[in-house]
1. Assess whether LEU23 counts as being under 20 Å from VAL76 (Cβ atoms), touching a residue at least 60 places away in the same chain (Cβ under 8 Å) and assigned to a helix (DSSP H, G or I).
2. Before we move on, is VAL74 β-branched (Val, Ile, Thr) and more than 15 Å from LEU20 (Cα to Cα)?
3. When the residues of segment 59-109 are filtered to those that are of a type in the set (Ser, Thr, Tyr) and either surrounded by 10 or more Cβ atoms within 10 Å (Cβ to Cβ) or in a strand (DSSP E or B) (or both), which remaining residue is nearest to the chain's Cα centre (by Cα)?
Amino acid sequence: MGIYEMRADLARALAHPLRLEILDILLADGEKCVCEIADKVDAQQPTVSKHLSVLRDAGILASRKDGLMVYYRVRVPCIQGFFHCLDRVLEEDLKRRQAHLEEGGYIDE
C-alpha cells in the first residue's frame, strides 16, 4: 500500500462528524471511558464503541482495559494541529465567500 492510499484511509477514519467530536473531547479532557464519551456526545455506547474502534484501528487512538471498562486516549496529539489547519481553511473560505457575495457575485465564480 502506497502513501496516498494510507493517507486516504486515515482521512476516511476522520471523515465522520461524531468521530471528530470524540477526538475534540479526548484532546480537551484526556483519557475517557466509552460510557463517559457516550454521555458527552449523547449517543449510544455501541455506536460510540464502533467509532472509537475506527479511530483506534487508524492509529489515532490508543485504548486500555481496566476490568470491564475500556479507556481511550489520543495517541498522536499532533492531530490537534491538523484540526487547526482545517479550521483555518474553513475560516479563509468563509471570508472569501462573504467578500464575493458583498461584491454582488455568485459563490461559484
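1. Numbers: under 20 Å from VAL76 (Cβ atoms): yes; touching a residue at least 60 places away in the same chain (Cβ under 8 Å): yes; assigned to a helix (DSSP H, G or I): yes.
So LEU23 passes the test.
2. Numbers: β-branched (Val, Ile, Thr): yes; more than 15 Å from LEU20 (Cα to Cα): no.
It is false that VAL74 is β-branched (Val, Ile, Thr) and more than 15 Å from LEU20 (Cα to Cα).
3. Start the filter on segment 59-109 by keeping residues that are of a type in the set (Ser, Thr, Tyr), which leaves 63, 71-72, 106.
Subset that is either surrounded by 10 or more Cβ atoms within 10 Å (Cβ to Cβ) or in a strand (DSSP E or B) (or both): 63, 71-72.
Working: SER63: 16, TYR71: 17, TYR72: 14 Å.
Looking at residues that are of a type in the set (Ser, Thr, Tyr) and either surrounded by 10 or more Cβ atoms within 10 Å (Cβ to Cβ) or in a strand (DSSP E or B) (or both), I get TYR72.
Where a number appears in this text, it was derived from the coordinates with a stated rule and is not lab data. What you see is a predicted model, and the numbers here were worked out from it, not measured in a lab. Heads up, the Cβs are rebuilt from the backbone with ideal geometry, glycines too, and the neighbour counts pull from every protein chain shown.
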